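Reading through the structure tokens given below for one structure.
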Amino acid sequence: MNAKETPFRKRIIQPLTEKQLLAPQRAGYYETVWPSEHTDLWRSHAVSNVGLLADFAPAKLAVTTANLNLPVWGYTRAKDEVFAIGGSPFMLNIFTQMIKNGGTGDTAETSIDSTLDETTIRAAAEDRKNSVPYLAKIHPLTMQVTQFDMTEGSTINYTGGLLMHENGFVYAVSRSFLYKVDPETMQAVASAPLPLVGESDEENYWTTYNGLQVVASGELVIKGFDFLNSTSVNGWLLLVDPDSLQIDVKQSEALSSARLTIQQAPDGSATLYQVNATQSLRFKITDAGFVLEDDWTRTYRTQGDGTTQASSPLLFGKVGQVVFADNTAPGATTPINLYVQPVDVEALPASLEGINAFDNSAAGFNFFMVAGDPFERQTLVYYDPINNLLGAHTVLTDGTLERLWERNGVYKVSASPAIVPDRDLLYIDNYQNGTDSLVVLRLSTGEELAAVPLDATLPTIGTIFLGMNEDVYILSSEAGSDKGLISRIFAR
């Protein structure tokens, strides 16, 4: 059945519907397991009652695959529809090689001790310049692929994102273009250019749109920034009509690579959380635009302190905290730190103080953001792929983190994890001896339950996500080649 146009509700602030009140972290999404990069507005990576059964038999696990070029983000829609976005090589090979070499490579491109300088970034922009970004639909049972190439735009080919909208359409951002795609025909019914950042052609080229979210009214929230100079060139926050793709609000703000986290309130008002190069920010989303809450803003780092910019925040809505990690980019000379920031302004400390994410003082970084269960266990999961560290914390109501468990030197995790709290399962990958594997752990203890070898031969800048047919998926970017994979793992 084709996606249908639905009337757009122009006012953003409307009370949530009864259905939205039950799951405000999914307001605006299509009703499916994994409608956005990290499954919900809170960016939790967590979903209930899907994937492998809690008592699955490891010996019965099987793998089927399909080839995709540089897949990064995965999504579900219907039971016979899985989606992925890929074809954007910029920076992927640099991250992959650093993870593979553990930060001990001989060149600037593979050394954790080297700064990711402008020369390296410019060289990465030329890598496989003609690669075409795409969105792909995969049938889970046959692994047949239907692909829509996103050929418009001429800015840097950095991985964008998709969104499974409640109106039935799939929305995508790539190379400073927004697409509205009918999932049945896999053709765009509309597309529109997004505003470029900066004033010169040089600045325009580095425009990067990697934030795509939605509010309860259905309006799209989109973020673009200058990849090369985000500290000196402002980016854009946009509110976009999902029917016409008209930009209703275009606002200049100091933005960076971290993607968008949104909190919906029962009265329909929405709050946007974003971490830029040095500060943690919060905006009220209104009809007139994004209102920065200065009294909530906190600085988490200063330029030149040995850290690099932070990842996207994860909202722990029940305990009223956002959590994020620093060192999401290469060049860090410090260990990864975790930061907790109360939602309540009255509970905010004067300054944010990070804690070491692991019982290890080695310098590290991680492309992906923190994962967690903000619903049942208030558990936070994070990893350091450079130093082979993986651990979990409990997020307490007083804003502190309590270590739950840690695995030091056991797993080289490179994929973005997925969590099923009610089945006490955590899905990661583990790259060892030239082969990547999907690994299933007990979320509460870190105990390994199963390991399934994949055809992938490199660490991945790709995601793990849960399916709707008692299955789990992992995207293997295989950066530096055209042999990327989507693998489906299920019990025979």
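The values are calculated or read from the model by the stated rules, or taken from the named source; none is laboratory data. Please read all numbers here as calculations on a predicted model, not as lab measurements. Positions of Cβ are generated from backbone atoms using ideal geometry, with glycine treated the same way; all protein chains shown enter the neighbour counts. Side chains included, ligands, DNA and RNA excluded: accessible areas come from the protein's heavy atoms. Shrake-Rupley method; radii C 1.70, N 1.55, O 1.52, S 1.80 Å.
Details
- In the chain, taking the dipole from charged Cβ atoms about the Cα centre, the farthest positive-side position among I419, N276, A59 is held by A59.
- Each residue, A57 and T457, gets one label point 7 Å from its Cα in the Cβ direction; the gap between the two is 3.4 nm.
- Computed from backbone phi with θ = phi - 60° and the Karplus coefficients 6.51, -1.76 and 1.60, the 3J(HN,Hα) list for region 242-249 is x, 7, 9, 6, 6, 7, 7, 9 Hz; x is used for glycine and proline.
- Apportionment of accessible area to carbon and sulfur, region 411-484, percent (1.4 Å): 41
- Gain upon complete extension [R403, T231; 0.36 nm per residue less C-alpha separation]: 58.6 nm
- Calculated FRET efficiency, T185 to T394, Cβ-Cβ distance, R0 = 41 Å: about 0.30 to the nearest 0.05.
- Highest average first, the peptides 406-414, 30-38, 148-156, 322-330 ordered by how many other beta carbon atoms sit within 10 Å of their residues are 322-330, 30-38, 406-414, 148-156.
- Shape of region 177-305, Cα gyration tensor, a/c cut at 1.5: oblate
- For region 76-104, the residues whose backbone nitrogen is under 15 Å from a point 7 Å from the Cα of V145, taken along Cα to Cβ, are 82-89.
- Once the Cβ-Cβ distance of R492 and E376 is raised to the sixth power relative to R0 = 35 Å, the FRET efficiency obtained is 0.75.
- Helix-only [θ]222 nm of the chain, DSSP H runs n ≥ 4, -39500 (n - 2.57) each, per residue, nearest 500: -1500 deg cm²/dmol
- Only one residue of Q97, S48, T379 has its Cα farthest out toward the positive end of the dipole of the chain, where Lys and Arg carry +1 and Asp and Glu -1 on Cβ, and that residue is S48.
- If R0 equals 51 Å, the separation of the Cβ atoms of N469 and A192 corresponds to a calculated FRET efficiency of about 0.90.
- Dimensions (Å) - region 374-492, Cα atoms, principal axes, largest first: 48, 34, 21
- Accessible surface of region 221-364 [probe 1.4 Å, protein heavy atoms]: carbon and sulfur percent: 46
- For T463, residues with placed amide H under 5 Å, excluding near neighbours: G74, S416, L475
- Pairs from K250/K284; K79/K412; K137/K180; K180/K483; K223/K284; K79/K137 whose Cα-Cα separation, in the structure shown, is over 20 Å: K79/K412; K180/K483
- The chain - percent relative contact order, Cα under 8 Å, separation 6 or more: 18
- Proximal charge balance of A192 [Cβ under 15 Å; K/R count +1, D/E count -1]: -2
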